[in-house]
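Have a look at the structure below, then the notes.
The values are calculated or read from the model by the stated rules, or taken from the named source; none is laboratory data. Since the model is a prediction, treat every value here as computed from it, not as a measurement. So basically every Cβ, Gly included, is an ideal-geometry build from the backbone, and we count neighbours across all protein chains shown. Quick note on the areas: whole protein, heavy atoms, side chains included, nothing else; ligands and nucleic acids left out. Shrake-Rupley method; radii C 1.70, N 1.55, O 1.52, S 1.80 Å.
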Amino acid sequence: FGSSFSAYFPSTMGAGGRGKGAVAKRATKRPVQKAIKKESQPKQEDNTVDANFDVDETERRIGKVAYFDRRRGFGFLDVDDGLVPENKLMVHWSEITSDDRWPFLNSGMEVEYSIKKVLVRQGKAGLLRASNVSLPGGEAIALQEEVEDKREYIGGKEMRYTGSIKWYHTTQGYGFITLDKAESGVTEVKVNREEVSGGHAIPLHTGLQVEFGLSKNKTGTIAAYQVTLPGGEMLTRETGEAREAFPGVFTGEIDWYDFRGAQGWVLPDDFEALPGPVQESVTEQAQRRADRTGKETMETLHFRRLDMVDHTVKFAKGVAIKFSVYMSAKGAGAFDVQLA
């Protein structure tokens, strides 16, 4: 990795290794004080259950979809068995039994599901979530084709175009593609998260070459659909971000985690144990934050919810974790983040 990453991620900091303004702080062994960690523990939510709460995760149940946000990939089921707090059970797209590119549910539809308990906050509390969601009887849910049949397509449903990612906001779930050749008077089109073929919310780096179809909505706006790599190959997090993972597993703690924002920061136990290119990238990122805020900033590794082994866990500040590291088009980050 050494020579290629040095060329791809050149240092922006000068000979002293630091920019102007505040400095980025480095920790070699958990600098956050115990008292601070205790005070920063989030309050228990109303929909949590005790960690020893007993639920039969194999039992199949019937419920109705109260709401589902297709773009964000989650929603809630209306249940009435006295088991789930407030009779609202969260369902994530990854728990839907479906072959659709981006599985989703329609409000009011009847489904069959199981309930699983997800432990949070170091095992002191748990959350109930829907799992293995299907149609009654166990049949897979297939809604995508029905939606696509109602669209108007430029050049036909099977027609494919090529272009490159202009920009893409992973958290907000949309971006724009610049077409290699103008079509119907447009040179760039919007791409929504649910049209990215890969099975989950994949980051797309600027300049990434892609292939796609074009559809027109009722207002005449043209957008991309069924976005893949050239040749029709599915996108992955590795190709979408130009990721290259380093071998090894490291330890550290959660410096900060925003469950709603689906991202957080890892504070390594031993910064010097990280691969050289990762150290350089993390230091540069921390220095930029320090220069921007005028405050000392810890040298931490960014991660997203989908970089977690269990994306339903709500990490508390100071929780001990283990993780692996990668370099991407945007710099270094952590993945396979999990409780130690």
Which pairs break 19 Å Cα to Cα here: K181/K330; K157/K190; K157/K216? K181/K330
Compute the convex hull volume of the Cα atoms of the range 47-206, divide it by the residue count, and report the result per residue in Å³ as a whole number. 131
Spelling out what I want: for every residue of the range 288-295, take phi, set θ = phi - 60°, compute 6.51 cos²θ - 1.76 cosθ + 1.60 (Karplus), and round to whole Hz; glycine and proline get x. 5, 5, 5, 5, 6, 9, x, 10
Give me the percent of Cα-Cα pairs in the range 191-340 that sit more than 29 Å apart, rounded to a whole number. 26
What's the center-to-center distance, using Cα atoms, between the range 292-340 and the range 49-74 in Å? 27
From the residues G75, A130, W167, which one has its Cα farthest along the dipole of the range 59-181 in the positive direction, the dipole being from +1 and -1 charges on Cβ of Lys/Arg and Asp/Glu about the Cα centre? W167
Sequence order, the range 321-327: Karplus ³J(HN,Hα) from phi using 6.51 cos²θ - 1.76 cosθ + 1.60, θ = phi - 60°, Hz rounded, Gly and Pro as x, gives 9, 10, 6, 10, 10, 8, 10
Rounded accessible area of K295 (nearest 10 Å², 1.4 Å probe): 140
What aspartates and glutamates could a cross-link reach from K218, if we take a straight Cα to Cα line under 15 Å and drop same-chain neighbours fewer than 8 places away? E148, D149, E152
Using Cα-only point scatterers and the Debye equation, what is log10 of I(q)/I(0) for the range 196-244 at each q in 0.14, 0.19, 0.32 Å⁻¹, rounded to two decimals? -0.37, -0.62, -1.20
At most 12 other Cβ atoms within 10 Å and a DSSP loop assignment: could you name the GluC sites (Glu not before Pro) in the range 109-215 that fit? E139, E158
From the C-alpha gyration tensor of the range 156-248, square roots of 5λ in Å: 24, 13, 12
Taking θ as phi - 60°, what are the ³J(HN,Hα) couplings along the range 157-163 by the Karplus curve (6.51, -1.76, 1.60), each to the nearest whole Hz, with x for Gly and Pro? 4, 8, 5, 10, 10, 10, x
In whole percent, the fraction of accessible protein surface over the range 182-340 that belongs to carbon or sulfur atoms, probe radius 1.4 Å, stands at 50
Lys and Arg at +1, Asp and Glu at -1: add these up for the other residues within a Cβ distance under 13 Å of G261 and post the number. +4
